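The values are calculated or read from the model by the stated rules, or taken from the named source; none is laboratory data. Because the structure is a prediction, the values reported are computed rather than measured. Here the Cβ positions follow ideal geometry from the backbone for every residue, glycine too, while neighbour counts run over all protein chains shown.
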Amino acid sequence: MAIQIPTRLLDGAVLAFLKQDDLYGYALTQNVQKIFSISESTIYPVLRRLKKNNCLTTYDEPYQGRNRRYYHITDEGLTLLNTIQDEWQDFSARVNQVLGGQNDQSN
C-alpha cells in the first residue's frame with residue numbers, strides 16, 4: 001500500500017488491539033502487520049508514547065527463562081481510542097464522499 005498510516009491512526013490500531021487483550025510487543029507488532037505494512041521497529045515508539053501519555057501500563061511475565069513485557073490499555077487509553085474512532089468515522093466519510101464517487105457537487 002502506497003499510503004502511509006498516520007500516527008494518530010497507528011495509535012488507534014494499537015489501542016484497538018490492546019482493548020481486545022493484553023499483548024507483548026512482538027505479538028502486537030505481528031497483529032498490526034497483518035493489517036498494515038509497517039516495520040517491526042515501528043510499534044515500540046508508539047508504545048512508549050502511549051505509555052508516557054498514561055494510555056497504557058506494562059507488566060512483565062516470565063516466558064522460557066526471560067520476561068515478556070505486556071501492555072495493558074488504561075481508562076485514558078480507552079477514552080483516546082473512542083476519540084480516534086469518532087475522528088476516523090468523520091474523516092473516512094469525507095474521503096469516501098470525494099474519492100468514493102459520491103461527490104454531488106456540481107459547477
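Any idea how many residues of the range 26-41 are buried (at least 16 other Cβ atoms within 10 Å of the Cβ) and in a helix (DSSP H, G or I)?
Residues of the range 26-41 that are buried (at least 16 other Cβ atoms within 10 Å of the Cβ), as a first pass: 28-29, 31-32, 38.
Those left that are additionally in a helix (DSSP H, G or I): 28-29, 31-32.
Looking only at that region, the number is 4.
Just name the residue that is surrounded by the most Cβ atoms within 10 Å (Cβ to Cβ) out of those in the range 42-61 that are β-branched (Val, Ile, Thr) and touching a residue at least 24 places away in the same chain (Cβ under 8 Å).
First, the residues of the range 42-61 that are β-branched (Val, Ile, Thr): 42-43, 46, 57-58.
If we keep only those that are touching a residue at least 24 places away in the same chain (Cβ under 8 Å) too, we end up with 42-43, 46.
Details: 42: 16, 43: 23, 46: 20.
In this case the residue turns out to be 43.
Test residue 22 against the stated conditions and say whether it is out of contact with any Phe, Trp or Tyr (no Cβ under 8 Å at 6 or more places or on another chain) and either modelled with pLDDT of 95 or more or at positive phi (or both).
Here the answer is no, as residue 22 does not meet what is asked.
Yes or no: residue 84 part of a loop (DSSP other than H, G, I, E, B), under 13 Å from the mean Cα position of the chain (by Cα), surrounded by 11 or more Cβ atoms within 10 Å (Cβ to Cβ) and among the hydrophobic types (A, V, I, L, M, F, W, C)? First the steps, then the outcome.
Values: part of a loop (DSSP other than H, G, I, E, B): no; under 13 Å from the mean Cα position of the chain (by Cα): yes; surrounded by 11 or more Cβ atoms within 10 Å (Cβ to Cβ): yes; among the hydrophobic types (A, V, I, L, M, F, W, C): yes.
Taking the combined requirement at face value, the residue does not satisfy it.
Does any residue in the range 64-91 that is over 22 Å from residue 44 (Cα atoms) come within less than 8 Å, Cβ to Cβ, of a residue that is modelled with pLDDT of 95 or more and of a type in the set (Gly, Ala, Ser) six or more places away or on a different chain, and which pairs are these?
88/12
Taking only pairs six or more apart or across chains, which ones have beta-carbon atoms under 8 Å, a first residue in the range 11-31 that is under 17 Å from residue 68 (Cα atoms), and a second residue that is assigned to a helix (DSSP H, G or I) and of a type in the set (Val, Ile, Thr)?
Pairs that qualify, where the first residue is under 17 Å from residue 68 (Cα atoms) and the partner is assigned to a helix (DSSP H, G or I) and of a type in the set (Val, Ile, Thr), are 25/43; 28/14; 28/43; 29/42; 29/43.
If you go through the range 62-78 one residue at a time, how many are surrounded by fewer than 11 Cβ atoms within 10 Å (Cβ to Cβ) and either of a type outside the set (Gly, Ala, Ser) or assigned to a strand (DSSP E or B) (or both)?
Here is the first cut: in the range 62-78, the ones surrounded by fewer than 11 Cβ atoms within 10 Å (Cβ to Cβ) are 62-66, 75.
Among the residues that remain, those that are also either of a type outside the set (Gly, Ala, Ser) or assigned to a strand (DSSP E or B) (or both) are: 62-64, 66, 75.
So the count comes out to 5.
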